[in-house]
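The values are calculated or read from the model by the stated rules, or taken from the named source; none is laboratory data. Bear in mind the structure is a predicted one, so any value in this text is a computation, not a measurement. Here Cβ is always computed from backbone atoms with ideal geometry, including for glycine, and neighbour counts include all displayed protein chains.
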Amino acid sequence: MKKIPYYPGCTLKTTGKNFEDSAIATAKVLGLKLLEIDRWNCCGTVTSLTQDDLIHHIASVRNFIRVQEMNERGEVDDYRLLTLCSMCYNTLKSVSNVMQERPDDLDKINNFMDREEDYKGGVTVVHLLELIREMGFDEIKSKVKKSLGKLKVSPYYGCTLLRPKEVALDDPEVPTIMEDLLNAIGVDVIDSPKKSMCCGSYQTVRNPKTVVRLGYEIIESARKRGAEALVTSCPLCAFNLDDRQKEIKLEHPDFERMPVFYFTQLTALAFGLKKDVNNFDLNFTDPRPLLKKKKI
Amino acid sequence: MAKEKNIMEKIAHANQSVTKGIDPKDVKHWAKIYIMGKVYEVPADLTIMQAMEYAGYRFIHSCGCRAGFCGACSTIYRMKGEYKLQTAMACQTRVECGMYLVQLPFSPAEKPIYSVTKEPYEGNSFLKYFPEIARCVSCNTCTKACPQDLEVMDYVQAALRGDFQRVAELSFDCIQCGMCALRCPAEIVQYNVSQFGRVMYGRNGFPENKALKKVVKATEKGEYKKDFKNLLGLNMKQSKEAYKKQQATKAKFLKGGKK
């Protein structure tokens, strides 16, 4: 088993536990041991785009120091930091880039954090999807034990995996990484033009109506093309697209609820893993009736 | 009534400054300190609190137990020639030459009202009552400010992800002095967050101790009444004997012997 430093993030420990458990189980099948970093703190989401707003980069840098320490102790086989949550991925990767490009700012941060050892730079951030691509989708295919062929699923990327282009894990205009994975596990992939449209993100707090409108557009666009479920890697997108379906239903009485999976829940199903790793109780729209209908 | 007066005198005595009656001739070492900018020479053996009293200050606030437990005597200081701002409990820290001192007797803080019995034991409860914890940027200033050397930032982070147990464990030695809250750039009131964590964990998460339950029941039934009566009736010599015996039994028990 290859050991890699793993950053869970706050949501994956609470409402996104279904994502974490299914991801850890999926990674295990692929020969990866996710070693949760010690004393991790919030990634600092959302990344500050103001160049000199260094205080908002500290949270991420502190996590990189933890990875550095793990590496120095020889606990890990990979010097990259693995994340699952798209939001954490985006924030951590942006800061990793900034620290690589602006050594003066890194000096300033190191001076400020005088109780920590200096961050020497060099920790790169990687998403589980990228690691899977690295292994090769044929490798994934060889692990599949259960056919999901009858399930029609549309991938939803949202923003944070693809924008800005410096942190994008795939072509920001024409991403295929999720399609490739879903094809490898034998899902019937449905393409949708709104797959990288914003779900409304944190507008969900102050301006839920916008989120309801966007969610309706995204879901209906996928449904029109035959999708029965969406798949994502972002707990915030999952919340906006799934939990907000209650409000969508109020505005559009004929709206039918559509389950939203984390991609790791589908891999766990395809690999024939124990059902409890998927924690479907935590999905806002229960996908089990759909799975039952499809005899999965 | 006479007995009660005696007790009050005892308490008053216990909480008295110990600096009375120091003869400058007996003092071997002196320390030069600055209290709110004014210079004083004080005996170097004193704590900050005693030194301030020696200098003529009289505490009617910022002074509670004098034993490092109550958290009332928060002190902030800088050493001459150093950039670091440091914190201490005045009753627990010895004066040093070149200390610039000030007392911070009170930290203004909002404490939300919650019902421990009705509040669901859910991760997001922290954010419900203390939404400002989401403003934490992990600067670690709170940890640096803690005179108890707690990992304050780590427990705020644990609160963010709803980990009651970690909050309770990391904050167990908090004395609520308020230094973290006063230094926090995100204006979080850390000690109230952790109190909520401890209370909730204590009620919902902490594993039930069956032995304790048994003893409480027995106490309520009055099974130990006779023992207590005997114990309270002992004179000094008998008390010492009983203590030695109890300690010996305890040592034997901890070694794995019979009770």
Reported set for region B:183-221 where residues are under 14 Å from residue B:132 (Cα atoms) and not hydroxyl-bearing (Ser, Thr, Tyr) is B:184, B:185, B:186, B:187, B:188, B:189, B:190, B:192, B:193
Among residues of region A:9-56 being under 15 Å from residue A:88 (Cα atoms) and among the acidic types (Asp, Glu), the residue surrounded by the most Cβ atoms within 10 Å (Cβ to Cβ) is A:20
Q | Residue in region A:125-141 that is more than 17 Å from residue A:45 (Cα to Cα) and either within 14 Å of another protein chain (Cβ to nearest Cβ) or small (Gly, Ala, Ser) (or both) present | A | yes
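Condition check ((1) of a type in the set (Gly, Ala, Ser); (2) modelled with pLDDT of 75 or more; (3) closer than 17 Å to residue B:95 by Cα; (4) part of a loop (DSSP other than H, G, I, E, B)) across all residues:
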residue	(1), (2), (3), (4)
B:8	no, no, no, no
B:16	no, no, no, yes
B:34	no, yes, yes, no
B:40	no, yes, yes, no
B:50	no, yes, yes, no
B:56	yes, yes, yes, yes
Per the filter on region B:79-115, residues within 22 Å of the chain's Cα centre (by Cα) and among the charged types (D, E, K, R) are B:94, B:110, B:111
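Name the single residue, out of those in region B:58-83 being out of contact with any Gly (no Cβ under 8 Å at 6 or more places or on another chain) and either under 17 Å from residue B:37 (Cα atoms) or at pLDDT 95 or above (or both), that is surrounded by the most Cβ atoms within 10 Å (Cβ to Cβ). Can you show your working first?
To start, the set of residues in region B:58-83 that are out of contact with any Gly (no Cβ under 8 Å at 6 or more places or on another chain) comprises B:58-63, B:65-69, B:75-78, B:82-83.
Next cut, either under 17 Å from residue B:37 (Cα atoms) or at pLDDT 95 or above (or both) only: B:75-78, B:82-83.
Details: B:75: 26, B:76: 18, B:77: 24, B:78: 16, B:82: 11, B:83: 7.
By that ranking, first place goes to B:75.
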The condition of being closer than 26 Å to residue A:12 by Cα and among the acidic types (Asp, Glu) holds, among A:118, A:78, only for A:78
request  = Return a yes/no flag: does region A:125-136 have any residue that is over 14 Å from the mean Cα position of the chain (by Cα), farther than 20 Å from residue A:230 by Cβ and in contact (Cβ under 8 Å) with a residue 60 or more places away in the chain.
outcome  = yes
Of (1) more than 14 Å from chain B (Cβ to nearest Cβ); (2) surrounded by fewer than 15 Cβ atoms within 10 Å (Cβ to Cβ); (3) more than 24 Å from residue B:166 (Cα to Cα), residue A:75 satisfies every one except (3)
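Kindly indicate which of A:78, A:114 is within 20 Å of residue A:177 (Cβ to Cβ), in contact with a Lys or Arg (Cβ under 9 Å, 6 or more places away or on another chain) and charged (D, E, K, R).
Exactly one residue qualifies, and that residue is A:78.
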For region B:216-231, state whether one or more residues are β-branched (Val, Ile, Thr) and surrounded by 13 or more Cβ atoms within 10 Å (Cβ to Cβ). no
Residue pairs qualifying under the 6 Å Cβ cut-off, at least six apart or on distinct chains, with the first in region A:28-45 being in contact (Cβ under 8 Å) with a residue 40 or more places away in the chain and the second being buried (at least 21 other Cβ atoms within 10 Å of the Cβ) and polar (S, T, N, Q), are A:43/A:60; A:43/A:91; A:44/A:60; A:44/A:91; A:45/A:91
Within region A:88-126, the residues that are in contact with a strand residue (DSSP E or B) (Cβ under 7 Å, 6 or more places away or on another chain) and not in a helix (DSSP H, G or I) are A:123, A:124, A:125, A:126
Restricting region B:134-182 to residues that are of a type in the set (Ser, Thr, Tyr) and surrounded by fewer than 21 Cβ atoms within 10 Å (Cβ to Cβ), the one nearest to the other protein chains (Cβ to nearest Cβ) turns out to be B:143
Note on residue A:81: of the conditions (1) under 21 Å from residue A:16 (Cα atoms); (2) not in a strand (DSSP E or B), unmet is (2)
* To do: Kindly check whether there is at least one residue in region A:60-70 that is of a type in the set (Gly, Ala, Ser) and within 14 Å of chain B (Cβ to nearest Cβ).
  => yes
Residue B:128 passes all but one of the listed conditions (1) assigned to a helix (DSSP H, G or I); (2) among the charged types (D, E, K, R); (3) under 26 Å from residue A:113 (Cα atoms); the exception is number (3)
All conditions in (1) closer than 30 Å to residue A:270 by Cα; (2) within 14 Å of chain B (Cβ to nearest Cβ); (3) not hydrophobic (A, V, I, L, M, F, W, C); (4) not in a loop (DSSP other than H, G, I, E, B) are true of residue A:15 except (4)
